[in-house]
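A.B. asks: What follows is a single structure, and I will ask about it in a moment.
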């Protein structure tokens, strides 16, 4: 019995050490797919009115993202903002009917146009969500 416990006490940390990178790569929230699609070459500015605010559950159920349906002159455009926990900490409240200017990367998600927001502006307020390469503000910078 002691040998089994000793073997398990040695094997368990080794298994976790080996599995950790694989688990980290599988982690993801509602914005993971959008973050991979972000293209700095397609950044544009769109103006419109918030028609709807959606909380979107990630496919794996680990987090909730905030999306806007922005009514522009031409269409209703889904705007991917970021995780709700990050947005809740900002002093920028979204409400249906607000006029916004959104700067972001125009992408195609599920065969439909969408915008992955870099910055959102409302009158004299602005909220920065990503840098110019698409790196989210809620992700810690890696030390080199």
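The values are calculated or read from the model by the stated rules, or taken from the named source; none is laboratory data. What you are looking at is a predicted structure, and each value in this text was computed from that prediction instead of being measured. Cβ coordinates were reconstructed from backbone atoms using ideal geometry, including for glycine residues, and neighbour counts include every protein chain displayed.
A.B. asks: List the number of the failed condition for residue 56; all other conditions in (1) exposed (fewer than 12 other Cβ atoms within 10 Å of the Cβ); (2) out of contact with any helix residue (DSSP H, G or I) (no Cβ under 8 Å at 6 or more places or on another chain); (3) modelled with pLDDT under 95 hold.
C.D. replies: (1)
Yes/no matrix, rows are residues, columns are (1) assigned to a loop (DSSP other than H, G, I, E, B); (2) surrounded by fewer than 12 Cβ atoms within 10 Å (Cβ to Cβ); (3) at pLDDT 95 or above; (4) in contact with a helix residue (DSSP H, G or I) (Cβ under 6 Å, 6 or more places away or on another chain):
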| residue | (1), (2), (3), (4) |
| --- | --- |
| 68 | no, no, yes, no |
| 78 | no, no, yes, no |
| 82 | no, no, no, no |
| 92 | yes, no, no, no |
| 106 | no, no, yes, yes |
| 119 | no, no, yes, no |
| 127 | no, no, yes, no |
| 140 | yes, yes, no, no |
| 144 | yes, yes, no, no |
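A.B. asks: So if I check each of 19, 41, 24, which one is surrounded by fewer than 17 Cβ atoms within 10 Å (Cβ to Cβ) and modelled with pLDDT of 95 or more?
C.D. replies: On the way: 19 fails: modelled with pLDDT of 95 or more; 24 fails: modelled with pLDDT of 95 or more.
Result: 41 is the single residue among 19, 41, 24 that is surrounded by fewer than 17 Cβ atoms within 10 Å (Cβ to Cβ) and modelled with pLDDT of 95 or more.
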